[in-house]
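None of the figures in this text is laboratory data; all of them are computed from the coordinates on show. This is a predicted model, so every value here is computed, not measured. All Cβ positions, even for glycine, are placed from backbone atoms using ideal geometry, and neighbour counts span all protein chains on display.
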Amino acid sequence: MFADLKTAVVILNWNGEQLLEQFLPSIVNFSAGQAEVYVADNASTDNSIAFVKEHFPSVHIVINSENGGYAKGYNDALQHIEADIYCLINSDIEVTENWLPPILSIFNEEPNTAIIQPKLLDFKDKSKFEYAGAGGGFVDSLGYPYCRGRVFNHLETDEGQFNDTSNIFWASGACFFIRSTVFHRLGGFDEDYFAHQEEIDLCWRTHNEGYTVKYVGASTVYHVGGATLQESNPHKTYLNFRNSLLTILKNIPRKYVVFTILSRLILDGVAGVKFALELRPIHTWSIVKAHLSFYKNFFRFIKKRRKLQRKEHYSIHKFIAWQYFILGRTKFKNLK
């Protein structure tokens, strides 16, 4: 049915033998005849590659020379993979039967759709949406990322409310479908991110090229989440705060940039105080380090910004931090 779309499902792996043992079977079984499956290895030191070779001989292997994180890891690996559609998928995801046809059908019918994500549910509680992408992502007027089905840390129960196909602003990097031509023309992921929010940056740049990003609720996958960096890991805090600031600086329309950056720096300070009061000072220090790195990279990202053509409209909701923490609006449908 999709013979004209050569699809590659690419799993980025770093020392993930146990995850591959648990989740690779569903990906191989439910992709058979529709896509080639690849493991892109980020210089693992465990036995994951030997395990794949022994137990899954049909899976192709690409070995990167170093662990460059999510961004560089995929950029390096995808240079060696020929396909029309790349599905970039985490090693801690369980896919379901017929997960590919609804997505490939959209790519087949809509040449202007460049990026798609499926419904992302929580592997640990399959009735809930999963933090990393839920029902498709957006950013608010201050650049805070949120999802249909996930606002800050509140996760909605899946009651069919997002079984639709919908335009979104960003797709989750946990299961990220993209046309290879668009990926390579835009230079792939920005490797300065290392990991976290590089998919938001790439989606933003894709929108600026006039393409569409979509969510397809007819396809479901289950994500463990935090398998590489746990939520409690201070390095994850550092990357999230730093990369969010860099994304705003790089992409937000000029007339909003000063107000947005200053607002975010202040609100980051509030978050740092909150961490300190919760007796988690290491996370407060992570925010300080994130800001120092932001200042260090400021002029480099200004140069990147000058190369981009930015759209004026990028958000559908305003000040979700106020709506969530002060007004108590925890569900996507209640945001204004």
At what distance in nm do the modelled label points of Lys126 and Lys6 sit from each other, each positioned 7 Å from its Cα along Cα→Cβ? 3.5 nm
Taking only DSSP H segments of four or more residues, each worth -39500 (n - 2.57), what value at 222 nm results for the chain once the sum is divided by all its residues, to the nearest 500 deg cm²/dmol? -12000 deg cm²/dmol
Once you charge only the Cβ atoms, +1 for Lys and Arg and -1 for Asp and Glu, what is the size of the charge dipole of the range 1-135 about its Cα centre, to the nearest 20 debye? 160 debye
What number in nm² do you get for the range 41-85 if you take the convex hull of its Cα atoms and divide its surface by four? 3.6 nm²
Only Lys, Arg, Asp and Glu count, each charged at its Cβ (+1, +1, -1, -1), so figure out the dipole size of the chain about its Cα centre, rounded to 20 debye. 2060 debye
Taking the dipole of the chain about the Cα centre (Lys, Arg +1; Asp, Glu -1; charges at Cβ), the one of Tyr215, Asn29, Ser127 that reaches farthest to the positive side is Tyr215
So which of Lys72/Lys296; Lys255/Lys307; Lys119/Lys303; Lys274/Lys304 end up more than 28 Å apart by C-alpha? Lys119/Lys303; Lys274/Lys304
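Starting from 0.36 nm per residue, how many nanometres of slack lie between Ala218 and Arg280 once their C-alpha separation is accounted for?
The span from Ala218 to Arg280 would gain 18.3 nm if fully extended.
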Descending semi-axes in whole angstrom, ellipsoid equivalent of the range 253-336, from the Cα gyration tensor: 25, 23, 9
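What share of Cα pairs, in percent, lie more than 16 angstrom apart in the range 32-163? All intermediate terms of the calculation are to be shown ahead of the outcome.
Working: 6244 of 8646 pairs.
Of all Cα-Cα distances in the range 32-163, 72 percent exceed 16 Å.
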When the charge dipole of the chain is computed with +1 on Lys and Arg Cβ and -1 on Asp and Glu Cβ about the Cα centre, the Cα farthest towards its positive end, among Phe332, Ala77, Ser232, belongs to Phe332
